[in-house]
Amino acid sequence: MSSVPVSAAITRPPSVLPTMSINSPVKIFCILLFALFLPLSAAATPQIPAQPSGYVVDLAGVIDGQRKEQLNNLLRDLERKTTAQMVILTIKSLDGQDINSFSLQTAEQWKIGRKGKDNGLLFVVAMKDRKYRFEVGYGLESILPDSLVGSIGRKFLVPYFKQGQYGEGIAAATGAVLNVLAKSYGVTITGIDTLPAGARTQAGNGSSGFLFFFFILIGIVIVYSRSVNKRLRGKGGRRFGGPGIGPVIFPGGGGWGGGSSGGFGGFSGGGGGFGGGGASGGW
């Protein structure tokens, strides 16, 4: 019996799927479908705006021109007298992104606050999502703890926003923050008495129970931090010597870095890390 070559005995099974050429209608349809949805997926994350030249970035268009100029002047005076920087950002939508992540990324990219002092604050409002966020730098966390900025949002922003008065709510919340910072640094912010009545009568009144309780806590922090510094002096770590509150020990590392000579624009150097300080809310 003659032998049959192995190669001849093995036959290739027929292809189950038909060969699809480059010109196949199905393939062309798949390519077009992919090209259609690719830009949509890229747009799912809102783009962080370029570093601004002013303190108020109203991309949602909810702050009128006069109010915007007023807030810019107040925040410029804050930086001039304290070196602390506060920036207001309004956007139309987060497009599904978490507001905490968005505000943190924006603050890091914009490098708000002075290098070595980490004294920056970003105030974000997302209109369609009905959410807001105060992102607080390392150097301001002892002045503006999470509970305080959270309370400011609920007391000063939310009531105005529920009435559709968005510019007024942003101004009122900003005024409350400015009053706390001004008292802590021992300065007077020029023009703060022109803010909405809610910010002026409630946040500006040093005898209000809201701020009175806060400054009692600050006094406790001063006493405690000074005793801690005496024990830890010479053992390393980073001391925070914020005005009016006494030095506080933080483990090494940077915070809201960056620097500015004058207005908000013209930063140099890189920013540091964030501790996640701040508070978010909705209306």
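Every number in this text was worked out from the coordinates using simple rules, so none of it is lab data. All values reported here derive from a predicted model rather than from experimental measurement. A quick note on method: Cβ atoms are made from the backbone with ideal geometry, for glycine too, and the neighbour counts reach across all protein chains shown.
Before moving on, here are some points about what is shown:
- Lone unmet requirement of (1) over 17 Å from the mean Cα position of the chain (by Cα); (2) under 22 Å from residue 193 (Cβ atoms) for residue 161: (2)
- Picking from residues in the range 45-82 that are among the β-branched types (Val, Ile, Thr) and surrounded by fewer than 18 Cβ atoms within 10 Å (Cβ to Cβ), the one that is nearest to residue 128 (Cα to Cα) is 45.
- Entirely in the range 80-193, the helices (runs of 4 or more DSSP H) that have 1 or more residues that are without any contact (Cβ under 8 Å) to a residue 12 or more places away in the chain: 99-110
The rows are residues; the columns are (1) crowded, with 24+ Cβ neighbours inside 10 Å; (2) within 25 Å of residue 73 (Cβ to Cβ); (3) touching a strand residue (DSSP E or B) at 6+ places or on another chain (Cβ under 6 Å).
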{"position": "121", "(1), (2), (3)": "yes, yes, yes"}
{"position": "135", "(1), (2), (3)": "yes, yes, yes"}
{"position": "141", "(1), (2), (3)": "no, no, no"}
{"position": "149", "(1), (2), (3)": "yes, yes, yes"}
{"position": "193", "(1), (2), (3)": "no, yes, no"}
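- Hits in the range 104-149 (condition: among the basic types (Lys, Arg) and closer than 30 Å to residue 164 by Cα): 128, 130, 131, 133
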